[in-house]
Amino acid sequence: MPLIVNLADVSDSDLPLVGGKASKLGELVRQGLPIPPGFVLTTEAYQAFVERTGLHAEIPAALATIDADRAETVESASQRIRKAFEAAEFPPDLKKAVTEAYEAYVKQHRVRFSAVRSSATMEDLEGASFAGLQETYLNVAGTEHVLSAVKKCWASLFTARVLVYRQRKGFDHAQVRLAVLIQKMVDVTVSGICFTRDPNTGENHMIVEAGLGLGEAIVGGEVTPDHYVIDGATQKIVHKQISAQKVRIVRAEGGGNRREEIPPNLREVQKLPDQRLLRLVSLARLIESHYRRPMDIEWCADAETLYVVQARPVTTIPTSTAPGTRAEPPSAEGGPETPILRGFGASPGIATGVARILHGPAEMEKLKTGEVLVTTMTTPDMVPAMSQASAIVTDEGGMTCHAAIVSRELGVPCVVGTREATRVIADGSEVTVDGKTGAVYRGSVRLGRPPAAAAGAGIAAAPAIHAHEGAPVTATKIYVNVGVPEKAEEYARLPVSGVGLLRIEFIFTAHVREHPLSLLQKGKKDELVKRLADGIGKVCSAFHPRPVIIRTSDFKTNEYRGMPGGETFEPLEENPMIGWRGCSRYISPVYKPAFLCELEAIHRVRTEMGLKNAMVMLPFVRNTWELEEIAEMMRAQGLRRSRDFQLYLMAEVPSTALLAREFSKHCDGFSIGSNDLTQLVLGADRDSETLGKMGYFDERDPAVQRAIQLLLEGAHAEGRTVGICGQGPSVYPEFAEFLVREGIDSISLNADTVIPTIRTIASLEQRMKLAGLRRRERD
């Protein structure tokens, strides 16, 4: 595995090697978006440094001293590990490799200053952004300064705030590794963040925030940025809120950052003119279209060009109220109805509690569980306190500051940018916080909650993803897609019929982290089966007795080569998308032993763990004869189709639609993989930037819809169910309507779109019912 790679040579499939930030930026470079050039010290470089400096023994020893109930043990372990990183010297050959790569990059791109940025294997994930928690160093110049910044980035994996955050999110400290991205610094004049969907209300409009200078002032909440709202349908600017900005962060002479006052005549100007704002909207649309989900985008600009410097999924889309609805008018319970403060509603929910004013991380111990944290602005060091708070209120910041992002992930109501919360709110007084409307009230105030919920201090609204009271019932079954098992318990609280797609390859990348054939070659079969079974079992247990449909591995050769040990076993293919993948792997003598381990893990979950809700789905099925051979393998592993064990097929290859009745004899149902089906019906490479921009790749195409109709007709004729496990129905309402009208049995969605899509489908079904009644009346 390489120690160093060019940013332009990586993609999303390289996440285990280059981390979340770099993998997404590399993917966007391939899409032709404006990304500053750079290179990546991979997770292999991190691992080499850790192993050759003795840190591989020191880190687990320090982590073993942590007592989850004692905050001081977390800080002590953190300090011990970070000091060990600081004292460790770069191995000579690794130092030489980094130096040569840095000097070549400086020469090729005429670099004066660089950004040295952390890129962890567990960041920018759905449900866990790790926003601002790992370190980044800007305006770094010279080899020695870059090497020093790299070590600091690596060490930042083990700050107290990161250890607490990982623990809260259910991630294993031992599994995480960090790559470091080194990029050319832009001569920044203006910067900010863009949400392609409102992260607070879920409404279909973009939120852009902009401030002069480097973006650290916005993310850190030092300034309140301009706030722009763009209608998602028309792309028109519908709202502007221009904020006065007195200071900005700029490059210091010789490197590093400094703060400077902004001239009075520039403080209240619009930070991003309309023309550049609409250019940013255009870039954001391309990114959202590529990832097919709402995105959180960091950007900056020099005098001429807008650049994208980070893109990640919006980690929480609220679902507690339908888009456009308003909170009920407040009713007083011991306090006046008029808010004492207003700011930006940054994280939805309502909480009442005792206000505790903190002037920085040093005062975190003052905050008791269930109190309302009031501060000028949170910092990453304050995450332990934020996780205990019932609500958060800040003086500064916008929708994209640290407090806003982290509070949304924690499910804690949050209001930012009030300007004077630390002055107006008395320490120790009772307040009610409405994180949706941005209002703060004195005393206990009921805001559309049941009286019992409003009566107790410190009771917050449930996290948005769980707030589904009153979600309508649909005839179309709704399932949820699960990526990492650590999110299973949270997603299990959604009003879904089960898991429609559990990708086993995500368990490989997060829990196994090595090519399965490499592990088998080392005699580690039991370890491989155990890790797979543990990951699958965690999901099945959370959803029991609802079914969990486990899609067996569908790595392409280029993806498997990127795993440790993969190059030995994976051929180089010109077009891996239609190469050795899916079922063709399982029946090949080379990969068959690894597939049998997957089956053994699933059998173990069903028998030893007693979780009979574990079902199997086979990907990229091309013909029926391969299914006969796979069925025999499954029977040998104790997995035989029956009333309590169903086998499903992914409908991705057109042959399954054309011969649906024949394929139905080998399965209990189908799940449409709309991306691959669209690619193969239209002959349009889903990874082709050119074809994508020209509009060729579109599951709404009549030919794709005809293939879906053929599948539905053939499968239903044989008594088999048909579902879909893509985001098309949530992205395109007209596509959802087509599926419902054609009689789709189920739709499986990413968690953040479940509630809005349930409402969309319920509305469609109601309209269809009414239309049917009218037709019968006319007849």
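The values are calculated or read from the model by the stated rules, or taken from the named source; none is laboratory data. Bear in mind that the values here come from a model prediction, so they are computed numbers and not experimental data. Every residue, glycine among them, receives a Cβ derived from its backbone with ideal geometry; neighbour counts consider all protein chains shown. Just so you know, the surface numbers come from the protein's heavy atoms only, side chains and all, with ligands and any DNA or RNA stripped out. Shrake-Rupley method; radii C 1.70, N 1.55, O 1.52, S 1.80 Å.
Tabulated values for the structure
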quantity: Which numbered condition residue 262 fails, given (1) within 19 Å of residue 377 (Cβ to Cβ); (2) touching a His at 6+ places or on another chain (Cβ under 6 Å); calculated: (2)
quantity: Total residues in region 100-128, condition open to solvent by 30 Å² or more (accessible area, probe 1.4 Å) and either modelled with pLDDT under 90 or not in a loop (DSSP other than H, G, I, E, B) (or both); calculated: 9
quantity: Region 510-520 - residue that is assigned to a helix (DSSP H, G or I) and either touching a residue at least 24 places away in the same chain (Cβ under 8 Å) or at positive phi (or both) and, of those, surrounded by the most Cβ atoms within 10 Å (Cβ to Cβ); calculated: 516
quantity: Restricting region 246-286 to residues that are at positive phi and within 34 Å of the chain's Cα centre (by Cα), the residue that is surrounded by the fewest Cβ atoms within 10 Å (Cβ to Cβ); calculated: 256
quantity: Qualifying residue in region 560-568 (condition: free of Cβ contacts under 8 Å to residues at least 60 places away in the same chain, touching a Leu at 6+ places or on another chain (Cβ under 9 Å) and open to solvent by 40 Å² or more (accessible area, probe 1.4 Å)); calculated: yes
quantity: Meets criteria (in contact with a Phe, Trp or Tyr (Cβ under 8 Å, 6 or more places away or on another chain) and of a type in the set (D, E, K, R)) for residue 554; calculated: yes
quantity: Some residue of region 681-693 being at pLDDT 90 or above, open to solvent by 50 Å² or more (accessible area, probe 1.4 Å) and of a type outside the set (A, V, I, L, M); calculated: yes
quantity: Criterion: of a type in the set (Val, Ile, Thr) and under 19 Å from residue 544 (Cα atoms) - qualifying residue of 590, 621, 616, 653; calculated: 616
quantity: Segments classed as helices (runs of 4 or more DSSP H), wholly inside region 567-663, with at least 2 members that are under 24 Å from residue 519 (Cα atoms) and of a type in the set (Ser, Thr, Tyr); calculated: 583-586
quantity: Set 114, 13, 78: member being under 24 Å from residue 298 (Cβ atoms), in contact (Cβ under 8 Å) with a residue 12 or more places away in the chain, among the hydroxyl-bearing types (Ser, Thr, Tyr) and out of contact with any Gly (no Cβ under 7 Å at 6 or more places or on another chain); calculated: 114
quantity: Filter result for residue 137 (in a strand (DSSP E or B), at pLDDT 90 or above and under 27 Å from residue 258 (Cβ atoms)); calculated: yes
quantity: Any chance residue 582 is open to solvent by less than 10 Å² (accessible area, probe 1.4 Å), over 27 Å from residue 656 (Cβ atoms) and in contact with a Phe, Trp or Tyr (Cβ under 9 Å, 6 or more places away or on another chain); calculated: no
quantity: Single condition residue 28 does not satisfy, out of (1) within 24 Å of residue 508 (Cβ to Cβ); (2) at pLDDT below 95; calculated: (1)
quantity: Whichever residue in region 384-412 is part of a helix (DSSP H, G or I) and of a type outside the set (A, V, I, L, M, F, W, C) and, among such residues, is modelled with the lowest pLDDT; calculated: 409
quantity: Enumeration of residues in region 49-80 that are under 28 Å from the mean Cα position of the chain (by Cα) and at pLDDT 90 or above; calculated: 50
quantity: Out of 212, 163, sole residue that is surrounded by 22 or more Cβ atoms within 10 Å (Cβ to Cβ) and over 30 Å from residue 67 (Cβ atoms); calculated: 212
quantity: Members of region 432-447 found to be open to solvent by 40 Å² or more (accessible area, probe 1.4 Å) and at pLDDT below 85, listed by number; calculated: 436, 437, 446
quantity: Selected residue (only one of 671, 642, 664 is polar (S, T, N, Q) and open to solvent by 50 Å² or more (accessible area, probe 1.4 Å)); calculated: 642
quantity: Hits in region 664-679 (condition: touching a strand residue (DSSP E or B) at 6+ places or on another chain (Cβ under 8 Å) and part of a loop (DSSP other than H, G, I, E, B)); calculated: 666, 667, 668, 673
quantity: Enumerated helices (runs of 4 or more DSSP H) restricted to region 680-749, each holding at least 1 residues that are under 27 Å from residue 33 (Cα atoms); calculated: 689-694, 728-731
quantity: Pairs with Cβ under 6 Å, 6+ apart, first in region 81-102 and of a type in the set (Gly, Ala, Ser), second open to solvent by less than 30 Å² (accessible area, probe 1.4 Å) and at pLDDT 95 or above; calculated: 101/39
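Matching residues to (1) under 25 Å from the mean Cα position of the chain (by Cα); (2) crowded, with 18+ Cβ neighbours inside 10 Å; (3) of a type in the set (Asp, Glu):
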{"site": "344", "(1), (2), (3)": "yes, yes, no"}
{"site": "350", "(1), (2), (3)": "yes, yes, no"}
{"site": "357", "(1), (2), (3)": "no, yes, no"}
{"site": "362", "(1), (2), (3)": "no, no, no"}
{"site": "367", "(1), (2), (3)": "no, yes, no"}
{"site": "407", "(1), (2), (3)": "yes, yes, no"}
{"site": "411", "(1), (2), (3)": "yes, yes, no"}
{"site": "423", "(1), (2), (3)": "no, no, no"}
{"site": "430", "(1), (2), (3)": "no, yes, yes"}
